[in-house]
Amino acid sequence: MLRGILIVFFSIFAVVVTAQNNILDTEISIKAGEYSQKDLLKYINRKYKVLFSYNDDILFKDKIPFISDYSGTLEELLNKYFSELGFGYKNIAGQVVIYATEIKEQKVILSGYIIEEWSNEVLIGATLYNIDNGVGAVTNAYGYFTIKLPKGKHKLTLKCIGYTDKEIDLTLFSDTKQIFYMKPVSYSVGEVKVEAGRDDRFLEADIMHKAKIDIKQLQQIPGLFCEKDAIRNISLMPGVQSNEMSTGSIFVRGGSTDQTVFLMDEANLYNASHFGGFFSVFNPDVVNSVSVYKSDIPVSEGGALSSLIDVRLRDGHKEEWKVKGSVGLISARALLEGPVVNNKSSVLLSYRQSYLNHIYPHFISDSVTRKIRFHFYDANLKFNYVLNNKNRIYLSGYNSYDFFDQFQEIWRNTYVGSLRWNHIFNSSVFMNTSLIFSKNITNREISSSLSDLVWQSDNNNLKFKQDFSYLISDKGKAEFGVSSVFYHFLPNVIIDETQNDDEDRLTSVPDQQFINSIYYIHHFLPVKQFAINAGVRGSYFVSNPVFSNKEYYEEFFVEPHLHIGYSFQNDWLIKCSYSRPVQPLHQLPLSTMGIAINRWMPANKGFKPQVSNNYSLGLSKNFNDIINISTELYYRYMDNLTETLQDMRILTVDKPGEFLYKSEGEAYGSELFISYTGSRLNVITTFDFSKVMWLTNGLNNNMPYPASHVRRNNFNITASYQLSERWQVAAMWKYGTGLPYTAATGKYEIDGRVYLTFDESKINTKRMPTYHSLNISADFEAKHNKRTKWKSYLSFSVNNVYFRKNPLGVYYYSPVVDANGNILDSKLSPSYFYLYQFVPSFSYRFEF
């Protein structure tokens, strides 16, 4: 009897165990699609008659993406989509019980692109932030991001200057590629926003050496001749000063204009402004983003001592064809963009032409300045193609022409081209390869009754770059790469053409330089809200390796960078940094009236590469995203600088070092930034104090003297107010103390050319009057035609409202002319020259 009972019991037990094992071994097939965990369990129950027991509240509600059809056992499916996400399961009496459990956190990689919703234009510098664990990422120059997160649910916040913040709920089960879309906001403001939001203060700490400019906002600030030129208004940032006459003359934290490098889609620009300085070379309709690096040049670029202004151009609309245009008082521009292959390829074409020769004289008070004639054009072409999910190519080109005439004719041609290839190896590794070419030709012609004397220079560079980014973990990311640059400068060609068509040509020996570099950057987030960026760049360069009659020089140098930031109490951010950039090229600028005639000289034994040790400390506070206040202190020591004293002889000799002075400089200062963002009223206020002293061997009795390019104090305030849905008004007031200068004491002639003499023991002992002006503007947005998609805008502006005579410089001597206007001689007659005193203007913009 007992034996029979035991046999029955063990038989039943064996059947139950077998049934349990058979349930987990059940083959499951699921078609591609998206399912929640509950959907999966219901589907398996209905089709395969498997019983489940679970609590609805613990299951994820988000959909699980099945990219392809799934086929496998029930146990394999439960392990992948339940066990790895913090759930356990047990087979009890033929029923699978699902329950929550604690498991070791597993990480997956989320990567992809953040793009504009309507145009599919990539967003550069957009931030993606995980609110729960304080981890974030910033899109690179191609809109690409990568971030490592735990498996499971996440709430992500997307932010980008100029776009509406976006929150996304996302559940990650494995490495995922995703494209996020953001909507641009319609601004009723004229502020320059460079601060991060409250939730991602650590991201600002992580990239604290960079200020990303909101193009749409900056273009709404009152502009000269209603030109919405974002580059011109960069000087509203504290620590950045500019020559009122030249958009390309940017002085950052005490550095001279030659210490600022402009990049256009990674290509070096030899001149960033058109002749006259009213316009930068960047057509505002083409610009995607502008990033300004103050003092701390990223080691991925190098080559600049004070600042890097990185301008990235738009790719073009990928979904439909668009036309934009503008007609203003002194220029007109047009743009055509659209898809070549929908959502895969696009092209962008733009053209801009000035006609200010006919307008300019009516707004100039100075009789000498009124005789100036100048005009320009520029054109952009950009093409991009998405080959597949892992490869993209970009092809871009730029050409411009400038002409200037005041007693002499100067014209300039600029050519820029680049080919870039993006490749994604996997979710962690991104690569960009670039081949870039830049060329600048400048001609200067002086005519007389006997001959025409033409001076010409030709500057070229060819650059190869390969950059990688590697996501190490959720706490660290590495960037590294190599670059090689070849510079070829033809300093001068002197052509003397007589009336008999005889020509004498004297060509200088070219200057050349090879620079080969390697760099590494590590972004580290050791704890939440604390960020460290550490980087180093090593470069080996050779000057004049080919021509035996040019001085050969080689050197290896290292550029370390360190940035530390800490965010606390959600609203406070403290940051500090150190960097030691090196600039192996000397730019010898000779500029008057916004016309830059530069000579480039590779570093040599006599004039070694410029070096700067930069220190900065900053503190900022955010008050409920309404008021932002930030302040920074900085100190810089610069060595191996050059002083030209505007000696024109450096343009025409093979050895310009004979007319240069060796200098060193010290700069320190403070910066203050305050912004208020209201529903209708927006205000931004900046102030900076900067003291810059140069010490030049052989000048000023070997005593320090103030740098001629820096105003000691600057104060700017900009406000805008939204009157109605269609009308907006704005005003900007700028104030700056006078620039120091050295007064000329006489003149002399060599071969018919006039040169000034200066008292070299009294350098920059005089100062020009204080600068201040008020500019106002009004913008009107007409009613849109939805059927034709026509949009139009009217802008009105008045520059220098109260007729302030702001001197731009000192005009040392004036020509002596006869009754027919022929130049007979020149006489020393020091006086200030001025530009405009009162300039009303308007422009009409359209798009469809």
Please find, among Asp688, Asp625, the residue that is in a loop (DSSP other than H, G, I, E, B) and within 27 Å of the chain's Cα centre (by Cα).
Asp625
Matching residues in segment 637-651 (modelled with pLDDT under 90 and either part of a strand (DSSP E or B) or out of contact with any Leu (no Cβ under 9 Å at 6 or more places or on another chain) (or both)) number 3
Within segment 54-104, tally of residues that are at pLDDT below 80, surrounded by 18 or more Cβ atoms within 10 Å (Cβ to Cβ) and β-branched (Val, Ile, Thr):
1
Looking only at segment 688-714, count every residue that is aromatic (Phe, Trp, Tyr) and under 26 Å from Leu236 (Cα atoms) and tell me the total.
2
Please give the strands (runs of 3 or more DSSP E) falling wholly within segment 459-536 in which 3 or more residues are touching a Cys at 6+ places or on another chain (Cβ under 9 Å) and open to solvent by 20 Å² or more (accessible area, probe 1.4 Å).
none
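What do you reckon, is Glu559 of a type in the set (Asp, Glu), surrounded by 18 or more Cβ atoms within 10 Å (Cβ to Cβ) and more than 19 Å from Phe673 (Cβ to Cβ)?
In short, yes.
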If a residue counts only when it is closer than 30 Å to Ser280 by Cα and at pLDDT below 90, which strands (runs of 3 or more DSSP E) contained entirely in segment 559-617 have at least 3 such residues?
585-592, 595-602
Contact list please: Cβ distance under 6 Å, first residue in segment 383-406 and farther than 17 Å from Tyr351 by Cα, second residue surrounded by fewer than 17 Cβ atoms within 10 Å (Cβ to Cβ) and hydroxyl-bearing (Ser, Thr, Tyr), pairs at least six apart or on different chains.
Ile393/Tyr385
Which pairs turn up if I take residues in segment 632-652 that are in contact (Cβ under 8 Å) with a residue 40 or more places away in the chain and look for partners that are among the β-branched types (Val, Ile, Thr) and open to solvent by 30 Å² or more (accessible area, probe 1.4 Å) with beta carbon separation below 9 Å, at least 6 apart in sequence or on another chain?
Gln646/Thr592; Arg649/Ile750
Are any residues in segment 658-690 aromatic (Phe, Trp, Tyr) and either crowded, with 23+ Cβ neighbours inside 10 Å or touching a residue at least 24 places away in the same chain (Cβ under 8 Å) (or both), and if so, which ones?
Tyr661, Tyr668, Phe673, Tyr676, Phe687, Phe689
Selection within segment 424-433 - farther than 17 Å from Val138 by Cα and at pLDDT 95 or above
Thr433
Flagged in segment 408-428 as under 24 Å from Ser111 (Cα atoms), open to solvent by 30 Å² or more (accessible area, probe 1.4 Å) and assigned to a strand (DSSP E or B), in numbering order, are Trp421, His423
Within segment 794-810, which residues are touching a residue at least 40 places away in the same chain (Cβ under 8 Å) and open to solvent by 40 Å² or more (accessible area, probe 1.4 Å)?
Leu794, Phe796, Lys805
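Here are some residues: Asn544, Asn549. Which one is exposed (fewer than 13 other Cβ atoms within 10 Å of the Cβ) and touching a residue at least 40 places away in the same chain (Cβ under 8 Å)?
Step by step, each of Asn544, Asn549 is checked, and only Asn549 is exposed (fewer than 13 other Cβ atoms within 10 Å of the Cβ) and touching a residue at least 40 places away in the same chain (Cβ under 8 Å).
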Residues in segment 287-316 that are touching an Asp or Glu at 6+ places or on another chain (Cβ under 9 Å), under 22 Å from Asp378 (Cα atoms), surrounded by fewer than 24 Cβ atoms within 10 Å (Cβ to Cβ) and among the hydrophobic types (A, V, I, L, M, F, W, C): how many?
2
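The values are calculated or read from the model by the stated rules, or taken from the named source; none is laboratory data. Since the structure is predicted, the reported quantities are computational estimates derived from the model, not experimental observations. Using ideal geometry, Cβ is built from the backbone for each residue, glycine included, and neighbour counts are taken over all protein chains shown. To get the accessible areas, we keep the full protein, side chains included, count just its heavy atoms, and leave off ligands, DNA and RNA. Shrake-Rupley method; radii C 1.70, N 1.55, O 1.52, S 1.80 Å.
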